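Working notes for the structure below.
The values are calculated or read from the model by the stated rules, or taken from the named source; none is laboratory data. Since we're looking at a predicted model, the values are computed, not measured. We place every Cβ from the backbone using ideal geometry, glycine too, and count neighbours over all the protein chains shown.
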Amino acid sequence: MVQKHQDDGGGKKITLKINDNEYSMVVEPHWTLREVIHDKLGLTGTKEMCDKGACGSCTVIMDGRPILSCMTLAIECEGREIETVENLEVVGNPLVEAYADNHAMQCGYCTPGFVMTAKALLDRNPDPAVEQIKDALEGNICRCGTYPAHIDAVLDAAKRLEGGKK
Ligand code: FES
Ligand code: FES
């Protein structure tokens, strides 16, 4: 499905592949991927906290790796496979349900970034050890201090996905 997005500015026309949709749009060279995803396309699950690459709240998955969308220029993302938190089902997704059942959030602002980082980890390592989870999540900051619950949530998700030991 190709969706058109209009913008009045100059720049270059590109097509972004996000969550199995293609978005053709004109982007300015200085626009970050976060701006395009959140501000232009309305995929508001991708958050901005620091806008300097220091908090992880803007994390999306690109070609299987978690990346900071606030530090990535949209114009460089043509042809890449991008996944945002909107691609995860709210009901029935083992990772989302593990996060909810382990109360791995308070205000929830940082949660999409953590979840996408955790998803990228589980996609490449379905049975991560605690230290591997800590390493993967070390770039994600939570102002509410929910850190221990993320470890439990990812271990629980691995079991639900049958990657973890029962
Ligand atoms: S908003 Fe991108 S790392 Fe903080
Ligand atoms: S749950 Fe509030 S910033 Fe993390």
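Annotation: of all residues in segment 39-51 being away from ligand 2 (no atom under 16 Å from the Cβ) and in contact (Cβ under 8 Å) with a residue 12 or more places away in the chain, the one that is farthest from residue 73 (Cα to Cα) is 43.
Do the conditions hold for residue 121, that is, is it touching a Ser or Thr at 6+ places or on another chain (Cβ under 7 Å), without any contact (Cβ under 8 Å) to a residue 60 or more places away in the chain and not polar (S, T, N, Q)?
Details: touching a Ser or Thr at 6+ places or on another chain (Cβ under 7 Å): no; without any contact (Cβ under 8 Å) to a residue 60 or more places away in the chain: yes; not polar (S, T, N, Q): yes.
So residue 121 does not fit the description; no.
Here's the yes/no breakdown for (1) closer than 22 Å to residue 159 by Cα; (2) at pLDDT 95 or above:
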| position | (1), (2) |
| --- | --- |
| 79 | no, no |
| 82 | no, yes |
| 101 | yes, yes |
| 121 | yes, yes |
| 127 | yes, yes |
| 133 | yes, yes |
| 139 | no, yes |
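Can you say whether residue 139 is touching a Cys at 6+ places or on another chain (Cβ under 9 Å), closer than 15 Å to residue 47 by Cα, within 16 Å of ligand 2 (Cβ to nearest atom) and free of Cβ contacts under 8 Å to residues at least 12 places away in the same chain, as far as the supplied structure shows? Break it down into steps so the answer makes sense when it comes.
Working: touching a Cys at 6+ places or on another chain (Cβ under 9 Å): yes; closer than 15 Å to residue 47 by Cα: yes; within 16 Å of ligand 2 (Cβ to nearest atom): yes; free of Cβ contacts under 8 Å to residues at least 12 places away in the same chain: no.
For residue 139, the condition - touching a Cys at 6+ places or on another chain (Cβ under 9 Å), closer than 15 Å to residue 47 by Cα, within 16 Å of ligand 2 (Cβ to nearest atom) and free of Cβ contacts under 8 Å to residues at least 12 places away in the same chain - is not met.
Count of segment 119-146 residues, restricted to those that are surrounded by 14 or more Cβ atoms within 10 Å (Cβ to Cβ), β-branched (Val, Ile, Thr) and assigned to a helix (DSSP H, G or I), is 1. Would it be correct to say that residue 123 is within 15 Å of ligand 2 (Cβ to nearest atom) and charged (D, E, K, R)? Criteria not met by residue 123.
With a cut-off of at least 1 residues that are of a type outside the set (A, V, I, L, M) and over 14 Å from the mean Cα position of the chain (by Cα), name the strands (runs of 3 or more DSSP E) lying wholly within segment 7-118. Break it down into steps so the answer makes sense when it comes.
Values: elements: 12-18, 21-27, 59-62, 65-68, 81-83.
Fully inside segment 7-118 and qualifying: 12-18, 21-27.
Within segment 101-111, the set of residues being touching a helix residue (DSSP H, G or I) at 6+ places or on another chain (Cβ under 9 Å) and crowded, with 22+ Cβ neighbours inside 10 Å comprises 104, 111.
Does segment 56-74 include one or more residues that are exposed (fewer than 14 other Cβ atoms within 10 Å of the Cβ) and more than 22 Å from residue 135 (Cα to Cα)? Talk me through it step by step, then tell me what you get.
Going residue by residue through segment 56-74, those that are exposed (fewer than 14 other Cβ atoms within 10 Å of the Cβ) are 63-65.
So of that shortlist, the ones also more than 22 Å from residue 135 (Cα to Cα) come out as none.
Taking every residue of segment 56-74 in turn, none turns out to be exposed (fewer than 14 other Cβ atoms within 10 Å of the Cβ) and more than 22 Å from residue 135 (Cα to Cα).
Would you say residue 85 is under 30 Å from residue 15 (Cα atoms) and within 16 Å of ligand 2 (Cβ to nearest atom)? Yes. Checking the structure you have, find out if any residue of segment 82-98 is within 16 Å of ligand 1 (Cβ to nearest atom), within 22 Å of residue 48 (Cα to Cα) and free of Cβ contacts under 8 Å to residues at least 24 places away in the same chain. No: segment 82-98 contains no residue that is within 16 Å of ligand 1 (Cβ to nearest atom), within 22 Å of residue 48 (Cα to Cα) and free of Cβ contacts under 8 Å to residues at least 24 places away in the same chain.
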